[in-house]
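Q: Take a look at the following structure, please.
The values are calculated or read from the model by the stated rules, or taken from the named source; none is laboratory data. Keep in mind that what you see is a predicted model, and the values were worked out from it rather than measured. Cβ: placed from backbone, ideal geometry, glycine included. Neighbour counts: every protein chain shown. Heads up: the accessible areas ignore ligands, DNA and RNA and are worked out on the full protein's heavy atoms, side chains in. Shrake-Rupley method; radii C 1.70, N 1.55, O 1.52, S 1.80 Å.
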Amino acid sequence: MNILEIIEKKTKGKELSKEEIEYFVEGYTNGEVADYQAAALIMAIFIKGMSDQETTDLTLAMANSGDILDLSVLGGIIVDKHSTGGVGDKVSLVLLPIISSLGVKVAKMSGRGLGFTGGTIDKLEAIPGYRTGITEEEFIKNVQEVGISIISQTKNLAPADKKIYELRDTISCVESIPLIASSIMSKKIASGAQKIMLEVTYGNGAFMKNIEDAKKLAEQMVRIGELANRETKYILTNMNEPLGYSIGNSLEIIETAQFLKGEVLAEDLKHVVLELGANMLKLAGLGDNIEENKSKMMENIKNGKAYQKFLQMVERQGGDISYIEDVEKFGKTKYMEDMVSPIDGTIKEIPAITIAKYVCSLGAGRIKKDDVIDMQVGIVLHKKVGDTVKKGEKIFTVYSNKPIEMPTNAVVF
Ligand code: URA
């Protein structure tokens, strides 16, 4: 077997065998297959696609390229959650303490943001002291003792995916259903979950621009899950406007604290959190009735148990909980400016992609991998799509540490 034959076969649109896929994944991970050869094969896959069997073989080969976490010591059914990414997406931060407070063990490895997308790990690092890079042993101990731990993906988890994903990013081959599906599912399988709950996003702020493609991606991941013996469910989420009210790292931690205290519950965020959580409780065997599960979740927000769980998690990971208890401690940026409505009207669009790129330009995200993030900057929305506004009323506030140039086309009436 050699890589040139494998590239040629895929270029002709033929199906690759399990052995050929494993040969490529192993060879690329250990450096025997060169970047330009991997790029040629990935481009051929991008153009010609992959069958379900090939996609599953690619997923398993990438999952097996590093450690497979064994979570069996935790007992019970471990349910993992993954989102295909969004803008203002603080779902994991809000959802996971709620379901942990209801008895689901949460052992979650999350990612950082790259480009205009946000990442849960960057948001957690906005809390002074929070350690995202703990060892696997400490991670498991925290889940055993507190019921929840959220950390960054360890280095040796699906290293083949890491390498292939970075390559895809540089050759414009990200938006491919088999490549995205195998990338996500390889990490989920390697991180040890028995059941997987997916949030697949669509719209201008997501990889999948329309609901049909999002559904195809979701169903592909469900089929991989079935073939890999991991029950997988999904919901589809609209990512045409940012999720919730805030976009930016510490601003999203503030919204998380307010949500868990029951103070500010953005309807779109609440909808996604309840749908995902109710299904996760069902997957974990803690209740088959979705509506009842949602009520249990709301109850644990009202009685403070979900908020207490968030505090316990933050404290255990070394985070300073006084910032969560008094969010004013996050401080104010040097500059703040309101976008006010020029007319009386109804808001038709707040394009997620426009807001995301703007917030990234303020310093909230990374364009290159080693860019340093400004945790404080971002936008807080006062209005959402469908809301009416009066002339002069505030639509959003920009928080920045450099002089502000207001974004254009961020609101459509
Ligand atoms: N998220 C991933 O982990 N991989 C992709 O390919 C796209 C989104």
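Q: Could you pull out the residue among 140, 150 that is away from the ligand (no atom under 15 Å from the Cβ), open to solvent by less than 10 Å² (accessible area, probe 1.4 Å), assigned by TED's automatic domain parsing to the domain that holds residue 285 and among the β-branched types (Val, Ile, Thr)? Write out each step before concluding.
A: Numbers: 140 fails: open to solvent by less than 10 Å² (accessible area, probe 1.4 Å).
Sole residue among the options that is away from the ligand (no atom under 15 Å from the Cβ), open to solvent by less than 10 Å² (accessible area, probe 1.4 Å), assigned by TED's automatic domain parsing to the domain that holds residue 285 and among the β-branched types (Val, Ile, Thr): 150.
Q: If you don't mind, another one. I'd like the residue in the range 76-89 that is out of contact with any Phe, Trp or Tyr (no Cβ under 8 Å at 6 or more places or on another chain) and more than 16 Å from the ligand (Cβ to nearest atom) and, out of all such residues, is farthest from residue 206 (Cα to Cα).
A: Looking only at the range 76-89, we keep the residues that are out of contact with any Phe, Trp or Tyr (no Cβ under 8 Å at 6 or more places or on another chain), and these are 76-83, 86, 89.
Checking which are more than 16 Å from the ligand (Cβ to nearest atom) leaves us with 76-79.
Details: 76: 33, 77: 30, 78: 27, 79: 24 Å.
Here the residue is 76.
Q: Anything in the range 72-107 that is more than 21 Å from the chain's Cα centre (by Cα) and over 18 Å from residue 317 (Cβ atoms)? List them, or say none.
A: 72, 73, 75, 76, 77, 102, 103
Q: Here's something else I'd like to know. Test residue 171 against the criterion of being out of contact with any Asp or Glu (no Cβ under 9 Å at 6 or more places or on another chain), within 16 Å of the ligand (Cβ to nearest atom) and among the aliphatic types (A, V, I, L, M), and give yes or no. Write out each step before concluding.
A: On the way: out of contact with any Asp or Glu (no Cβ under 9 Å at 6 or more places or on another chain): yes; within 16 Å of the ligand (Cβ to nearest atom): yes; among the aliphatic types (A, V, I, L, M): yes.
Yes: the conditions hold for residue 171.
Q: Has the range 378-394 got any residue that is in a helix (DSSP H, G or I) and touching a residue at least 60 places away in the same chain (Cβ under 8 Å)? Give the derivation first.
A: First, the residues of the range 378-394 that are in a helix (DSSP H, G or I): none.
Within the range 378-394, not a single residue is in a helix (DSSP H, G or I) and touching a residue at least 60 places away in the same chain (Cβ under 8 Å).
Q: Residues of the range 186-211 being touching a Gly at 6+ places or on another chain (Cβ under 9 Å), part of a helix (DSSP H, G or I) and either within 9 Å of the ligand (Cβ to nearest atom) or within 29 Å of residue 350 (Cβ to Cβ) (or both), which ones?
A: Correct list: 187, 211.
Q: Here is a further query. Which residue out of 277, 318, 262 is open to solvent by less than 80 Å² (accessible area, probe 1.4 Å), in contact (Cβ under 8 Å) with a residue 40 or more places away in the chain and part of a helix (DSSP H, G or I)? Please lay out each step first, then the result.
A: Values: 318 fails: part of a helix (DSSP H, G or I); 262 fails: part of a helix (DSSP H, G or I).
It is 277.
Q: I'm trying to understand the selection: among the residues of the range 321-338, which are open to solvent by 40 Å² or more (accessible area, probe 1.4 Å) and modelled with pLDDT of 95 or more?
A: 323, 325, 326, 328, 329, 334, 335, 336, 337, 338
Q: Quick check: anything in the range 101-120 of a type in the set (S, T, N, Q), more than 16 Å from the ligand (Cβ to nearest atom), over 30 Å from residue 61 (Cα atoms) and open to solvent by 10 Å² or more (accessible area, probe 1.4 Å)?
A: Of the residues in the range 101-120, the ones of a type in the set (S, T, N, Q) are 101, 110, 117, 120.
With more than 16 Å from the ligand (Cβ to nearest atom) added as a condition, the list becomes 101.
From what is left, the residues that are over 30 Å from residue 61 (Cα atoms) are 101.
After this cut, where a residue has to be open to solvent by 10 Å² or more (accessible area, probe 1.4 Å) as well, the list is 101.
The answer is yes; a qualifying residue exists.
Q: Got at least one residue in the range 350-362 being buried (at least 20 other Cβ atoms within 10 Å of the Cβ) and among the polar types (S, T, N, Q)? Walk me through it before giving the result.
A: Kept after step one, since they are buried (at least 20 other Cβ atoms within 10 Å of the Cβ), are these residues of the range 350-362: 350-352, 354-356, 358-360, 362.
Subsequent filtering for residues that are among the polar types (S, T, N, Q) retains 354.
Yes, the range 350-362 contains a residue that is buried (at least 20 other Cβ atoms within 10 Å of the Cβ) and among the polar types (S, T, N, Q).
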